[in-house]
């Protein structure tokens, strides 16, 4: 067969193949882009949920140890709460009544430090429960070279307890705790709203975020025993916490992806 009888592709056939190929490529790209977008959205939703769980876990661990009648709630508002949280714990091995009173405390965990706000359990009359109390004071210069039996211990002067710690009111084995005043609330971190904590004289420490915004990202609601809301710190037995998060990912309708959750925390009373 001569070369003149050989038939090639016409320009129309080439154009048809090119168009069909382009359509296939566009369809494949759109499918991949849609899958990528869906994966990005799903990842953002998962991360938002993880942020909320992390934030609530922090609040649960601290707030469920509070006691409203025990004056653990210092002050409160709808987007922050200032509380007294335990940081150190020990057991009384001996008591010296004098000027000042001092406590020999067996080490359980970390040492108490100079200036700690401390509470020690006073049993008073061992046959009565109505006179039991936690009495407060401020630790003087502590001595960490003492021992309780064979266990490490420290001597803690408590001059502020002289008037309230009557003879034989604090028994051997009585628990002693130290507390910090900590504020949990919404704060600014990098220009965005974060759940964080602040200790007296310290800068804001971000923990979870970014939240939705500075007005609606975090909300506290406080309740007393009969279920009515309260503004009295000493009546708080339940705290409802609402967290609303925001990511930097947009969904299919152009809204930023976020989530919200409300949890109920019952305080120790």
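The values are calculated or read from the model by the stated rules, or taken from the named source; none is laboratory data. Source: prediction; values computed, not measured. All Cβ positions, even for glycine, are placed from backbone atoms using ideal geometry, and neighbour counts span all protein chains on display.
In the range 225-240 there is at least one residue that is loosely packed, with under 15 Cβ neighbours inside 10 Å, within 21 Å of the chain's Cα centre (by Cα) and either more than 30 Å from residue 148 (Cβ to Cβ) or not assigned by TED's automatic domain parsing to the domain that holds residue 55 (or both).
Can you find even one residue in the range 216-239 that is in contact with a helix residue (DSSP H, G or I) (Cβ under 8 Å, 6 or more places away or on another chain) and either assigned to a loop (DSSP other than H, G, I, E, B) or over 21 Å from residue 85 (Cβ atoms) (or both)? Looking for residues that are in contact with a helix residue (DSSP H, G or I) (Cβ under 8 Å, 6 or more places away or on another chain) and either assigned to a loop (DSSP other than H, G, I, E, B) or over 21 Å from residue 85 (Cβ atoms) (or both), one finds at least one in the range 216-239, hence yes.
Selection of the range 70-110 for residues being in a loop (DSSP other than H, G, I, E, B), within 19 Å of residue 174 (Cα to Cα) and within 24 Å of the chain's Cα centre (by Cα) yields 70, 109, 110.
Note on the range 83-99: residues that are touching a helix residue (DSSP H, G or I) at 6+ places or on another chain (Cβ under 9 Å) and either surrounded by 17 or more Cβ atoms within 10 Å (Cβ to Cβ) or free of Cβ contacts under 8 Å to residues at least 40 places away in the same chain (or both) amount to 2.
Scanning the range 45-82 for residues that are within 20 Å of residue 135 (Cα to Cα), at pLDDT 80 or above and either buried (at least 16 other Cβ atoms within 10 Å of the Cβ) or assigned by TED's automatic domain parsing to the domain that holds residue 103 (or both) returns 72, 73.
Yes or no, residue by residue, for (1) under 16 Å from the mean Cα position of the chain (by Cα); (2) more than 19 Å from residue 139 (Cα to Cα); (3) at pLDDT below 85:
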{"site": "171", "(1), (2), (3)": "no, no, yes"}
{"site": "177", "(1), (2), (3)": "no, no, no"}
{"site": "180", "(1), (2), (3)": "yes, no, yes"}
{"site": "185", "(1), (2), (3)": "yes, yes, no"}
{"site": "191", "(1), (2), (3)": "no, yes, no"}
{"site": "196", "(1), (2), (3)": "yes, yes, no"}
{"site": "200", "(1), (2), (3)": "no, no, yes"}
{"site": "212", "(1), (2), (3)": "no, yes, yes"}
{"site": "216", "(1), (2), (3)": "no, yes, no"}
